[in-house]
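The values are calculated or read from the model by the stated rules, or taken from the named source; none is laboratory data. This structure is a prediction, so every number in the text was calculated from the model and none was measured. For neighbour counting, all protein chains shown are included, and Cβ atoms are generated from backbone atoms with ideal geometry for every residue, glycine included. All accessible areas refer to the heavy atoms of the entire protein, side chains included, with ligands and DNA or RNA removed. Shrake-Rupley method; radii C 1.70, N 1.55, O 1.52, S 1.80 Å.
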Amino acid sequence: MKENITQKNTKLVVTLVFVVLGMFGFGYALVPLYDVLCDITGLNGKVEGAAVKEISYEVDKSREITVEFMSALNESTPMVFRPETKKLKIHPGEYHTVNFYAENKTDKVMVARAIPSISPGPAAEYLQKIECFCFSEQTFKAHEGKTMPVRFVVNPELPEKYKTITLAYTFFDNTESSVKK
Amino acid sequence: MSAVVAEHEHDDHHDHGPQKGLLRWVITTNHKDIGTLYLMFALAMFFVGGAMAMVIRAELFEPGMQFVNPQFFNSMTTMHALVMVFGAVMPAFVGLANWMIPMMIGAPDMALPRMNNMSFWMLVAGVLLLASTLFMEGGAPAAGWTLYPPLVLQTGTALPFAIFSVHLLGISSIMGAINIIATIFNMRAPAMTLMKMPLFVWTWLITAFLLIAIMPVFAGAVTMLLTDRFFDTSFFDAAGGGDPVLYQHIFWFFGHPEVYVMILPTFGVASTIIPVFARKPLFGYSSMVYATASIAFLSFIVWAHHMFTVGMPVAGELYFMYATMLIAIPTGVKVFNWTATMWKGSMTFETPMLFSIAFVVLFTMGGFTGLMMSIAPSDFQYHDTYFIVAHFHYTLVPASVFILMAAGYYWLPKWTGYMYNERIGRLHFWISVVSVNVLFFPQHFLGLAGMPRRIPDYAVQFADWNMISSIGGFIFGISQLLFLWIVIDTIKGGTGIKATDEVWEDAHKHGLEWTLPSPPPYHTFTTPPATVPTEHI
């Protein structure tokens, strides 16, 4: 009888330990799952990190979309960063280029990365970028200022309900981790 | 050599008491000793966490900065929560489980006594490690108990210590949970079928499953924080392609079931105490079991109602809103069952019953404010204000903590063999129930008026209610010393009234523990009882 209980306990504990390990793995599995979900649904304003080819669309003259540009700095990133155009009224299918200005305020070389975010989130996939300074890390010499272009188009398939799209960039100071690599 | 063998035989064949001396408490594998250790440790942590709350309420007594700097204030809110959740409430329920589950199901001990000892001492190590962060450069973690990045990554030296402490606490709870599941599945007396188990045992069984499912996920989340900070991963770092909102999803996948870990055993104790003092069987035993299981299941699919304001699409908001509201149904079943149990009962109002009735009333209030916040559009106003603070404190203090007090009064005579001082007990109850409402009720108004949580200073418009809340807080804090006094007094047999075996009238019909002597011998149910009480069903 006693042996029997010990065996039952061991079996149960082993099973439960596997459940625990499985759930630890599940916590990590949530990371790719989250990205996949965001990809499928376009939630969270997450956008493709790569450029799309410039193809010509039929310009939809019947409606006008306001595209707003915003800039932000992470924590205390020592930079100046601003869009040269605050907002633009465009027709879907038209190609436009806007410039952003960024300047390194330190006496050292700085490697920074701009991360885009588009809201409303579901509109993100319709704002397509042909050229963007956010596609790669940007290196700034001490006190160097750069004017950087973004070339984009709003896909004419954009649903009617979206009248305004906001494109926001946040610059992150990546100097430390870049040096390590 | 033969002497050793002889002594072994002696040990094997006679029922022996506890080891003499203090070492008994370090190496013990007896479920009653470990239960006592857990409960004492939880009580101590209740006062430590309470002292931190006193610092918070003192600073908020008036607008402006009075006593502490903002960094330390934020450390206090963070540490208060971590200590109360992982050091006080959870260990207190594990302590009750250790003491009561074997006695309630007719088992001689927990299934894995050595692991039991280890999980207690790991808890102590975890909490000490956490407490040590208070003295580190840069201070203790101050980003709130949810440890959201990127803010939490700015913690000083304390961050890795806090994270390892969470790992230890997690391993400790997981081992405790595995032990409880093994005990309930394999150690029940043959007559104790699953649907005859007392509800405290049922709720703990379900809670234990919650724990083994969620603690590893939390361990994973904090490990990601650790690697983000020290090993250049970018799970939550937008610069490297990560997303801080991801942390919130993982955290609340753990966090929502976690808050039910603290409330489900509360339901179990309430369902144990109320029938005894209403002198009626529990109304709707099986519906209570199913309601508990439903609440546990639902807790896994509602997490994002903690993050309605992160910018989810409308479909997501609606799903999490309706799913959350659904929880009110099984919870309502429970509240109605407790009320129906009391209906036309021959009720008496000893201290455990007083605390239990206050629990039913005040927990329901906490539930209603929860329902208010489940409505996504209104939640935008309540989010991160004192309204949420009032809500979860109603479900934790006059609910979980009151029921822990009730459990203390209810079982102290069984544990110690003496009755507690009923007059002081009732005094403790009345001061607590009034002051806890003075403390938390005004926080609803503060929240609706827009006072954010986790701030050391506030606009003068919030001054009056904050002062009232602080006064309630001080009275509540000090009055808990009455409980400490009663516990010590009862252990010493201060009242001189010996407790009978069943302690409460006809309690032996409600639970196996009341068929044992008070206090129970060191080893009980070495042979399983032939019959089990079925009055509670």
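Solvent-accessible area of A:GLU75, probe 1.4 Å, all protein chains present, reported in Å² to the nearest ten, please.
Spelled out: A:GLU75, probe radius 1.4 Å, area about 120 Å².
Inside 10 Å of the C-beta atoms of B:309-319, what's the mean count of C-beta atoms belonging to other chains?
Values: counts 0, 1, 7, 3, 7, 1, 2, 2, 0, 0, 0.
Mean partner-chain Cβ count within 10 Å for B:309-319: 2.
Determine which lysines satisfy two conditions relative to A:LYS146: a Cα distance under 19 Å, and not lying fewer than 8 residues away in the same chain.
Straight-distance partners of A:LYS146: A:LYS86, A:LYS105, A:LYS108.
Counting only the heavy atoms of the protein chains, how much of B:SER271 is accessible to a 1.4 Å probe, in Å² to the nearest 10?
10
Just to confirm the filter: which trypsin sites (Lys or Arg not before Pro) across region B:338-429 are DSSP coil and have at most 15 other Cβ within 10 angstrom of their Cβ? Before the final figure, lay out each step's value.
On the way: sites: B:LYS344, B:LYS414, B:ARG423, B:ARG426; in loops: B:LYS344.
Qualifying residues, ordered by number: B:LYS344.
Assuming 0.890 mPa s and 25 °C, estimate D for region B:291-433 with Stokes-Einstein, Rh taken as the Kirkwood radius over Cα pairs, in µm²/s.
Numbers: Rh = 17.0 Å.
Here the translational diffusion coefficient equals 144 µm²/s.
List the accessible area buried at the contact between B and A, summed over both sides and calculated with a 1.4 Å probe, in Å² to the nearest 100. Show your work: numbers first, answer last.
Working: alone 21290 and 11610 Å², together 30320 Å².
Roughly 2600 Å².
Apply the Kirkwood formula to region B:286-327: the hydrodynamic radius equals the inverse of the mean of 1/r over all pairs of different alpha-carbon atoms; give it in Å with one decimal.
Details: mean 1/r = 0.0907 Å⁻¹.
One over the average 1/r among Cα pairs gives 11.0 Å for region B:286-327.
List the aspartates and glutamates whose Cα lies under 16 Å from the Cα of A:LYS129, skipping any in the same chain that are fewer than 8 positions away.
Partners found: A:GLU48, A:GLU54, A:GLU68, A:GLU94, A:GLU157.
Once each part is reduced to its C-alpha centroid, what is the distance from region B:429-455 to region B:178-233 in angstrom?
First find each Cα centre; the distance between them is then 32 Å.
Express in whole angstrom the spacing between the alpha-carbon centres of region B:58-79 and region B:126-167.
Between the Cα centre of region B:58-79 and that of region B:126-167, the gap is 18 Å.
Which angle from 0 to 90°, rounded to the nearest 10, does the C-alpha axis of helix B:328-342 make with the longest principal axis of chain B?
Approximately 40 degrees, to the nearest ten.
Send over the per residue convex hull volume for region B:176-230, Cα only, as a whole number of Å³. Write out the running numbers ahead of the final one.
Working: hull volume 3.8 nm³, N = 55.
Convex hull volume per residue, Cα atoms: 69 Å³.
With loop defined by DSSP as not H, G, I, E or B, and exposure as at most 15 other Cβ atoms within 10 Å, which is the longest segment of chain B clear of exposed chymotrypsin sites (Phe, Trp or Tyr not before Pro)?
Values: sites that count: B:PHE67, B:PHE231, B:TRP343, B:PHE349, B:TYR522.
The longest such stretch corresponds to B:350-521.
Got the relative contact order for region B:35-515 handy, in percent, Cα pairs under 8 Å and 6 or more residues apart?
Relative contact order, region B:35-515: 16 percent.
Starting from the Cα coordinates of chain A, work out the convex hull volume and express it per residue in Å³. All intermediate terms of the calculation are to be shown ahead of the outcome.
Details: hull volume 32.2 nm³, N = 181.
Expressed per residue, the convex hull around the Cα atoms of chain A is 178 Å³.
Magnitude of the Cβ-charge dipole of chain B, K/R +1 and D/E -1, about the Cα centre, nearest 20 debye? Can you show the working numbers first?
On the way: 20 positive and 29 negative charges, 180 e Å.
Taking the Cα centre of chain B as origin, the dipole is about 860 debye.
Can you tell me the 0 to 90 degree angle between the C-alpha axis of helix B:31-59 and the longest principal axis of chain B, rounded to 10?
Between helix and principal axis, roughly 30 degrees.
Compute the signed sum of charges (Lys and Arg +1, Asp and Glu -1) over the other residues within less than 12 Å, Cβ to Cβ, of B:ARG24. Could you put the intermediate results ahead of the total?
On the way: positive: B:LYS20, B:LYS32; negative: B:ASP33.
Combined, the nearby Lys, Arg, Asp and Glu give +1.
Just to confirm a number: summing +1 for Lys and Arg and -1 for Asp and Glu over residues other than B:ILE101 whose beta-carbon lies under 13 angstrom from that of B:ILE101, what do you get?
Numbers: positive: B:LYS32, B:ARG188; negative: B:ASP109, B:GLU513.
My count for the surroundings of B:ILE101 gives 0.
Report the convex hull volume per residue for region A:105-181, counting only C-alpha atoms, in Å³.
Taking only Cα atoms, region A:105-181 has a hull volume of 104 Å³ per residue.
How much accessible surface area, in Å² rounded to 10, belongs to the heavy atoms of B:MET405 with a 1.4 Å probe?
It works out to around 10 Å².
Between beta-carbons, use under 14 Å as the cut-off and find the net charge around B:GLY156, counting Lys and Arg +1, Asp and Glu -1. Walk me through the intermediate numbers first.
On the way: positive: B:ARG229; negative: B:GLU137.
For residues surrounding B:GLY156, the net value is 0.
Please quote Rg/Rh for chain B to two decimal places, taking the Kirkwood radius as Rh and restricting both calculations to Cα atoms. Working shown, then result.
Values: Rg = 23.3 Å, Rh = 24.1 Å.
Reported Rg/Rh, Kirkwood definition of Rh: 0.97.
Relative contact order (percent) for region B:393-537, with alpha-carbon contacts under 8 angstrom and 6 or more residues of separation? Spell out each step's value before the answer.
On the way: 154 pairs, mean separation 48.1, N = 145.
Dividing the mean separation by the residue count of region B:393-537 yields 33 percent.
Of all accessible surface on the protein assembly as shown at a 1.4 Å probe, what whole percent is carbon and sulfur? List each step's numbers first, then the result.
Values: 19890 of 30320 Å².
Carbon with sulfur: 66 percent of the solvent-accessible area.
Over all distinct Cα pairs, what is the inverse of the mean 1/r for region B:403-506, reported as the Kirkwood hydrodynamic radius in Å? Don't skip to the end; give the middle numbers.
Details: mean 1/r = 0.0634 Å⁻¹.
Roughly 15.8 Å, rounded to one decimal.
Once you have the Kirkwood Rh of the protein assembly as shown from its Cα pairs, apply Stokes-Einstein at 20 °C and 1.002 mPa s and quote D in µm²/s. Can you show the working numbers first?
Working: Rh = 28.2 Å.
Translational D for this selection: 76 µm²/s.
Helix B:422-448: angle to the longest alpha-carbon principal axis of chain B, degrees 0 to 90, nearest 10?
With rounding to tens, the tilt is 20 degrees.
Please compute the contact order of region B:232-345 in relative form: average sequence separation of alpha-carbon pairs under 8 Å and at least six residues apart, divided by the residue count, as a percent.
Working: 93 pairs, mean separation 35.5, N = 114.
The normalised contact order for region B:232-345 reaches 31 percent.
Please list A:LYS146, A:LYS11 in order of solvent-accessible area, largest first, computed with a 1.4 Å probe with all protein chains present. Present the calculation step by step, with values, prior to reporting the outcome.
Details: A:LYS146 45, A:LYS11 155 Å².
Result, largest first: A:LYS11, A:LYS146.
I want to verify the translational diffusion coefficient of region B:149-241 in µm²/s; compute it with Stokes-Einstein, Rh as the Kirkwood radius over Cα pairs, at 4 °C and 1.567 mPa s. Let's see the in-between values first.
On the way: Rh = 15.6 Å.
For the chosen part, D equals 83 µm²/s.
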